[in-house]
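Read through the structure below, which is laid out as structure tokens, and then see the notes.
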Amino acid sequence: QVQLVESGGGLVQAGGSLKLSCAASGGTGRRYAIAWFRQAPGREREFVATISWASSYTYFGDSVRGRFTISRDNGKNMVYLQMNSLKPEDTAHYYCSAGQLAGTNWDDYAYWGQGTQVTVSS
């Protein structure tokens with residue numbers, strides 16, 4: 001069982017930056033890919049970014065590519081999502097998830113955190 005706890009969300013003006021963190025625990029001995037998804041009210045869950053265990057593979061959703069970066073520190077069991085040039089349309093609840101494969105579908109990931117809210121004001 002893997003537990004995930006997100007932090008770092010908040011209110012930021014358009015054009016600003018935020019760095020989200022995902023703390024992982026449990027699942028000792030397993031090598032999980034970690035992804036970020038987001039969901040705004042009334043909208044479907046959207047893939048944001050994923051990173052493989054060894055950080056050798058990363059992939060981003062079209063709407064964030066070039067603005068967001070993802071990284072991880074396996075020694076600290078942490079994954080980070082650096083969000084730059086934020087736009088009002090980035091406003092959503094952001095979720096961290098863990099799975100065996102670094103896919104782009106929500107059902108590629110078996111474990112989910114409770115999420116953290118990001119609000120971008122115009």
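The values are calculated or read from the model by the stated rules, or taken from the named source; none is laboratory data. For clarity, every value in this text was computed on a predicted model and none was experimentally measured. As a convention, Cβ positions derive from the backbone with ideal geometry for all residues, glycine included, and neighbour counts pool all protein chains shown.
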Out of the residues in region 48-63 that are touching a Ser or Thr at 6+ places or on another chain (Cβ under 9 Å) and among the hydroxyl-bearing types (Ser, Thr, Tyr), which is surrounded by the fewest Cβ atoms within 10 Å (Cβ to Cβ)? Tyr57
Hits in region 64-106 - residues which are in contact with a Lys or Arg (Cβ under 7 Å, 6 or more places away or on another chain) and either surrounded by fewer than 21 Cβ atoms within 10 Å (Cβ to Cβ) or farther than 23 Å from Gly10 by Cβ (or both): Met78, Tyr80, Gln82, Asn84, Ser85, His93, Trp106
Search result, residues across region 76-109 that are in a helix (DSSP H, G or I), more than 15 Å from Ser52 (Cα to Cα) and more than 13 Å from the chain's Cα centre (by Cα): Pro88, Glu89, Asp107
Checked region 111-122 for anything surrounded by fewer than 16 Cβ atoms within 10 Å (Cβ to Cβ), assigned to a loop (DSSP other than H, G, I, E, B) and modelled with pLDDT of 95 or more; matches are Gln114
Just to check your reading of the model, which residue among Arg45, Arg30 is charged (D, E, K, R) and at pLDDT below 95? Arg30
